[in-house]
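Participant: Take this structure, written in structure tokens, and hold onto it; I'll ask about it next.
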């Protein structure tokens, strides 16, 4: 627990003197909890270093669709080093655990499990003693982020020394893209090596002789004769240790399998409109302006939605190729029964196919929506109203939903 004084004061802006006054008030009235300042520039680290007990940079690589990070991944480590040098303050970190595309930065994506793990261990090697990932609430469309971060926290709990920067000895790897830190703890030896590059990368470093187990990688054993050489996959993190028991207490492959399984939970069987593998074009009319990308209307998450403002709202779906379908489900908040229709584009004209009604025979189409039922660490329940339409099966590329009444629309599904 602590007092969060300001978010990115170098951009707000806020006077360092004023934040120092607020810090002093908190320290006087509640000396048992620290004050925290988050900022994201080298100048900000120095300018506000004296304004809080904990300095916590938010370092976002900005992951690009169909590409890598927008800035070199090693920026996380370098920024933490710069931050640590700016003042005698406790150092935490806020890594990127969200999709910047959801915040109005088009062309970006959510970080992959490999990128999440890479950022996670860079925070340790950079000297941070704590972190707050940003942001939990945005990630219902990305359940693989939940599972990966959950497993990373479990994994880290087995390495309590990692949050004690005084025990860290940085080790030269002979490669500027590979960073490494050695820890000696309770008679055991540990080495964390992070490949910050998006390519397979080799390294050689000094390490006391002995047998080392790759933590979380069953069966991988390395021997050092005073030097250790290895090659890491793109963005890979490998933890070498003499502690066999801890090394075999978790599995990186099981974590990856879990993240893939979580992603599949979003795909409802038979949903032709699911955006995971189809480039369905979506157009809205009569809705409030939103920075949220339209693909959240067919991502399977039933999460955030689009606010209805017009008297005749419209949602138009255009599929990349013709499909055969006869059913549609529209999920939202405060949807009224008996309003709205589905139209199909035929010969250049929209023809009414069916009316929208509440489907009482389908318990999944009304009331509480639940997902990830056998993965409780990422499960959630949300109330979502739903309307259904059924018509004689036909082929088409474009359909339009119009005339419905409600506060928000969160998901559209189409079935054969």
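Participant: Using only Cα atoms, find the angle between the long axis of helix 143-157 and the longest principal axis of the chain, and express it within 0 to 90 degrees, rounded to the nearest 10.
Facilitator: With rounding to tens, the tilt is 20 degrees.
Participant: Could you calculate the contour length gain from residue 295 to residue 245, that is, 0.36 nm times the residue separation minus the distance between their Cα atoms, to one decimal place in nm? Walk me through the numbers on the way to the answer.
Facilitator: Working: separation 50, 0.36 × 50 = 18.00 nm, distance 4.46 nm.
So the extension gain works out to 13.5 nm.
Participant: Also, I was wondering about something else. What ranking, highest mean first, results for peptides 266-272, 58-64 when packing means the other Cβ atoms within 10 Å averaged over each residue?
Facilitator: Working: 266-272: 15.1, 58-64: 19.0.
The densest-packed peptide leads the list: 58-64, 266-272.
Participant: On the Cα set of the chain, report Rg and Dmax in Å, please.
Facilitator: Using the Cα atoms of the chain, the pair Rg, Dmax is 25.5, 77 Å.
Participant: Once each part is reduced to its C-alpha centroid, what is the distance from region 77-100 to region 156-189 in angstrom?
Facilitator: 17
Participant: Sorting 299, 7 on the 10 Å Cβ count, fewest up front, what's the list?
Facilitator: Working: 299 20, 7 17.
Neighbour counts put them in this order, fewest first: 7, 299.
Participant: Strictly greater than 16 Å: what percent of every Cα pair in region 165-256 meets that? All intermediate terms of the calculation are to be shown ahead of the outcome.
Facilitator: Values: 2231 of 4186 pairs.
Within region 165-256, distances greater than 16 Å cover 53 percent of Cα pairs.
Participant: Could the peptides 139-147, 251-259 be put in order, highest first, of the mean number of other beta-carbon atoms found within 10 Å of their residues?
Facilitator: Working: 139-147: 23.2, 251-259: 16.9.
By packing density, highest mean first, the sequence is 139-147, 251-259.
Participant: I'm a student and want to see the number: the projected area of the Cα convex hull of region 113-241, averaged over all directions, in nm².
Facilitator: Details: hull surface 32.2 nm².
Averaged projected hull area, Cα only: 8.0 nm².
Participant: Over region 1-122, what per residue volume does the convex hull of the Cα atoms give, in whole Å³? Spell out each step's value before the answer.
Facilitator: Numbers: hull volume 13.4 nm³, N = 122.
Value for region 1-122: 110 Å³ per residue.
Participant: Compute the distance from the alpha-carbon center of region 204-268 to that of region 36-65, in whole Å.
Facilitator: 30
Participant: If you fit an axis through the alpha-carbon atoms of helix 75-84 and take the longest principal axis of the Cα set of the chain, what angle between them do you get, 0 to 90°, nearest 10?
Facilitator: With both axes taken from Cα atoms, the answer is about 50 degrees.
Participant: Calculate the FRET efficiency for residue 172 and residue 17 from the Cβ-Cβ distance with a Förster distance of 45 Å, rounded to the nearest 0.05.
Facilitator: 0.60
Participant: Further, regarding this structure: What order do you get for 319-331, 402-414 when each peptide is scored by the mean count of other beta carbon atoms within 10 Å, highest first? Please list the in-between numbers first.
Facilitator: Values: 319-331: 17.1, 402-414: 20.3.
Peptide ranking by packing, descending: 402-414, 319-331.
Participant: Could you give me D for region 55-186, from Stokes-Einstein at 4 °C and 1.567 mPa s, where the hydrodynamic radius is the Kirkwood radius over C-alpha pairs? Units µm² s⁻¹, please. Before the final figure, lay out the partial values.
Facilitator: On the way: Rh = 15.4 Å.
Result for D is 84 µm²/s.
Participant: Further, regarding this structure: In a Gaussian network model over the chain where Cα atoms closer than 10 Å are linked, find which of 300, 340, 219 has the largest mean-square fluctuation.
Facilitator: 219
The numbers here are math on the coordinates, done by the rules we state, and not lab data. Fair warning: this is a prediction, and the values are worked out from it, not measured in the lab. Virtual Cβ from ideal backbone geometry, glycine too; neighbours counted across all protein chains shown.
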